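Computed from the coordinates by the stated procedures, all read-outs in this text should not be read as laboratory data. Please read these numbers as outputs of a predicted model, since none were measured by experiment. Note that each Cβ is placed from the backbone with ideal geometry, even for glycine, and that neighbours are counted across all protein chains shown.
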Amino acid sequence: MAQQGTLGVAVVGTGRMGADHVRRIHEVTSGARVAAVVDVDAERVEAVARSVGGCAAYTDPAAAMASAEVDAVLVASPGPAHEAALLEAFRRDLPVLCEKPLTPDAASALRVLEAEQRLGHRRVQVGFMRRYDPEFGRLKALLAGGGLGRPLLLHCRHRNASVPSFFTEQMLINDSVVHEMDQTRWLLEQEITSVTVLRPRPSGHAPAGIGDPQLVVFETDGGVLVDVEIFATCGFGYQVQAEAVCERGTARVGDAHGMLVNQAGRWGGEIAQDFTVRFREAYDRQVQAWVDATLRGTVEGPSAWDGYAAAAVCEAGVRAQATGERVAVELVERPALYRP
Ligand code: NAI
């Protein structure tokens, strides 16, 4: 068990991600403890509270944030509930780690951006956890070092074994490719200026109404072309790969070179079956970085601006998906609070 630290965290939303974050803060993260858990589902939140012990269960996020035990908030409710939770946290000037998406659309993300600017300081870190994955971190450092020359192309693959029954075609963009949107902006330090969605014939395993796979193409303001294969029903596992093609070489991550086994005339390794396994270390590092920065009195990592930019690219992506056209991304001017 982790050492019991000083930062009292309220985890809002105790579903798949929230419950995992509760476990993480309780067992892995140092310098923090789960002070409160919140869910509109009273039975679920009581059960999660019991799994930790010594933390209070709430069905109302505002009530949890009013507790003297709560110093910071981790928002892991569904996207449409994020804006209300963020604005309540701002009202109390509490630091927030907000799971992606910041909010589900650009207009609501802008409202959050404006509210944070009224506070006059950053309060939000957005849960784009790939930035904390060690392999992606190495790729970022390599590109930033300039040894490979300027990046020209980024080839990305994002494959899931299967999707839940409530999955929609728009979720391919808003829930899956949103990670490549942030990854692109972060790795290249460029904004995405347009999105085009191309479709092959659908897989016979794609659920009705979902054209799966799709090829999503971004153009950036630095002239880089990015292609993202999203294949949400590939059947064989969860795979996230990226290859940067630069002027003097290429670099690729995500091949999951763990243990390789030679047996019976074949060689190979395992493929993770879902993101909680593939990105476990990234989630751990993300939450630890948030706690460490919060205890230092700073806010680091992906900002509300990054959350807004991703939401704006998602909107363009969903339109591109529906129309088959190349859709330009419209961003407001980057406010001073979020300039490097
Ligand atoms: P989930 O549906 O498993 O859990 C959501 C929970 O929030 C449920 O228990 C629900 O009862 C509760 N809830 C609903 N409205 C609420 C409200 N107003 N206040 C408090 N609780 C409320 O969803 P899941 O998969 O855990 O997703 C949660 C968030 O995490 C979403 O924003 C999602 O996009 C994000 N996510 C991030 C991933 C990543 O890789 N970073 C991966 C999967 C999800």
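Summary table
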{"read-out": "Between the stretch 280-302 and the stretch 69-133, the alpha-carbon center distance in angstrom", "value": "14 Å"}
{"read-out": "Separation of the ALA161 and THR276 label points, Cα + 7 Å toward Cβ, nm", "value": "1.2 nm"}
{"read-out": "All Cα pairs of the stretch 61-134, percent lying beyond 21 Å", "value": "22 percent"}
{"read-out": "Beta bridges per DSSP with both ends in the chain, % antiparallel, nearest 5", "value": "55 percent"}
{"read-out": "Cα coordinate range in the stretch 137-275, projected on the principal axes (Å, largest first)", "value": "42, 41, 23"}
{"read-out": "Sequence of GLU219, GLU333 once ranked by neighbouring C-beta atoms within 10 Å, starting from the fewest", "value": "GLU333, GLU219"}
{"read-out": "Cβ-based exposure ranking for ILE210, ILE173, ILE271, ILE230, in which fewest neighbours within 10 Å come first", "value": "ILE271, ILE210, ILE230, ILE173"}
{"read-out": "Pairwise Cα inverse-distance average, inverted: Kirkwood Rh of the chain (Å)", "value": "20.8 Å"}
{"read-out": "Dipole of the chain, positive end: most advanced residue of ALA19, THR168, PRO151 [Cβ charges, Cα centre]", "value": "PRO151"}
{"read-out": "Förster-model FRET efficiency, 30 Å R0, ARG199 and ARG334, C-beta, rounded to 0.05", "value": "0.35"}
{"read-out": "Chymotrypsin sites (Phe, Trp or Tyr not before Pro) within the stretch 130-202, DSSP loop, no more than 15 other Cβ atoms inside 10 Å", "value": "PHE166"}
{"read-out": "Cα-based radius of gyration of the stretch 1-75 once divided by 2.2 N^0.38 Å, which approximates compact folds", "value": "0.94"}
{"read-out": "Ordering of 251-264, 305-318 by packing [mean C-beta count within 10 Å, highest first]", "value": "305-318, 251-264"}
{"read-out": "Per-residue [θ]222 nm for the chain (sum of -39500 (n - 2.57) over DSSP H runs n ≥ 4, rounded to 500)", "value": "-10500 deg cm²/dmol"}
{"read-out": "Separation in nanometres of the label points that stand 7 Å from Cα toward Cβ, at GLN263 and VAL217", "value": "4.3 nm"}
{"read-out": "GNM top mover of GLY268, GLY249, GLY127 - the chain, alpha-carbon springs below 10 Å", "value": "GLY268"}
{"read-out": "Extension gain from ARG118 to ARG296, taking 0.36 nm per residue of separation minus the Cα-Cα distance", "value": "61.9 nm"}
